[in-house]
Amino acid sequence: MSFNLKSQILRLNEAEVPNPSTERTPALKQATRSVSERSRSPKSQEYQCLADLNLYDSSECTRLATQAASGRHLWVTSNYQDWAVEVYLREDDYPGWVSLSDWGLLQPATVLYQAATFSESEIKKLLPEVIAFTQKAMEQSNYYLWGGTVGPNYDCSGLIQAAFASVGIWLPRDAYQQQGFTQPITIAELVAGDLVFFGTGQKATHVGLYLADGFYIHSSGKDQGRDGIGIDVLSEQGDAVSQSYYQQVRGAGRVIKSYEPQRR
């Protein structure tokens, strides 16, 4: 059965997509069946975002997992629930759920995603632009958003990923994944554009982008940090926020390659 996206969206609009706690209309039930049938088709299951898109951490679609900027690619799986479909983003393999009410923000990809490759020297030349992205983001009114990867509001690893993606370099999504992906270096070896990781002995839970002279830029939360993007220093001599993060430093890493998807 072929999938007619325009027809699908029309049905969803006519059904007015009720609250998940209410009974689904026949039109929405048919829409869900049509989407499910489409996902099982051997033809292209890769889609492209027509606008910025929220991905959630469960089929209930109540808590943000991550975001996909307009133009990003995702793969639709066969795992459907009443109100959402499980997907993963092609650029970083990150999983999430898309609400069926957002289905109109997707279109079948006409060109499948192909990861670009960069040499270490090419990445080094692009680092000034990566840093400039974070500084420009800081100048805009913003707050810390768990799951945020689309400006103006980011979480820590979302800001880092978006900054590198702005020049075509992809990193994994979460802080601990980014630490595992980068080349380990010591704090003494840090240069502009390297990553600084914070957290516990078991796992990195926070990340910042090193600038120079001990300073780094990051998006930190409201409870411990600055509720948005700011600059702190790796020193016991900094203010309360800098000192708090300095006590949690667990390592540093250098970006020497761009992420290549592992899922097929």
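Here Ser244 passes the criteria (1) closer than 30 Å to Trp75 by Cβ; (2) open to solvent by 20 Å² or more (accessible area, probe 1.4 Å); (3) not β-branched (Val, Ile, Thr) except the one numbered (1). Based on what the data block shows, is Thr205 over 19 Å from Gln67 (Cβ atoms), modelled with pLDDT of 95 or more, polar (S, T, N, Q) and over 21 Å from the mean Cα position of the chain (by Cα)? Against the criterion (over 19 Å from Gln67 (Cβ atoms), modelled with pLDDT of 95 or more, polar (S, T, N, Q) and over 21 Å from the mean Cα position of the chain (by Cα)), Thr205 does not qualify. Any residue at all in segment 56-68 that is more than 20 Å from Ala162 (Cβ to Cβ), modelled with pLDDT of 95 or more and crowded, with 17+ Cβ neighbours inside 10 Å? Within segment 56-68, one or more residues are more than 20 Å from Ala162 (Cβ to Cβ), modelled with pLDDT of 95 or more and crowded, with 17+ Cβ neighbours inside 10 Å.
Looking across segment 160-172, the residues that are touching a Leu at 6+ places or on another chain (Cβ under 8 Å) and surrounded by 24 or more Cβ atoms within 10 Å (Cβ to Cβ) come down to Ile160, Gln161, Ala163, Phe164. The residues in segment 143-171 that are in contact (Cβ under 8 Å) with a residue 60 or more places away in the chain and closer than 22 Å to Glu260 by Cα can be counted, and the count is 15.
The sole residue among Ala137, Ala188 that is more than 18 Å from the chain's Cα centre (by Cα) and not polar (S, T, N, Q) is Ala188. Figure legend. Inter-residue proximity from segment 243-264: first residues free of Cβ contacts under 8 Å to residues at least 12 places away in the same chain, second residues open to solvent by 20 Å² or more (accessible area, probe 1.4 Å), beta-carbon distance below 9 Å, spacing 6+ or different chains. Indicated pairs: Gln243/Ser235; Gln243/Glu236; Gln243/Gln237; Gln247/Glu236.
Out of curiosity, is Tyr154 hydroxyl-bearing (Ser, Thr, Tyr), in a helix (DSSP H, G or I) and either within 21 Å of Ala65 (Cβ to Cβ) or open to solvent by 20 Å² or more (accessible area, probe 1.4 Å) (or both)? The answer is no for Tyr154. The residue that is surrounded by the most Cβ atoms within 10 Å (Cβ to Cβ), among those in segment 107-127 that are assigned to a helix (DSSP H, G or I) and without any contact (Cβ under 8 Å) to a residue 60 or more places away in the chain, is Leu126.
Residues to consider are Gly201, Gly225, Gly214, Gly253; find the one that is open to solvent by less than 20 Å² (accessible area, probe 1.4 Å) and over 20 Å from Val191 (Cα atoms). After applying the criteria, what remains is Gly225.
The values are calculated or read from the model by the stated rules, or taken from the named source; none is laboratory data. Small disclaimer: the values here were computed from a predicted structure and weren't measured. A quick note on method: Cβ atoms are made from the backbone with ideal geometry, for glycine too, and the neighbour counts reach across all protein chains shown. Accessible surface is based on the protein model in full, side chains and every heavy atom, while ligands, DNA and RNA are left aside. Shrake-Rupley method; radii C 1.70, N 1.55, O 1.52, S 1.80 Å.
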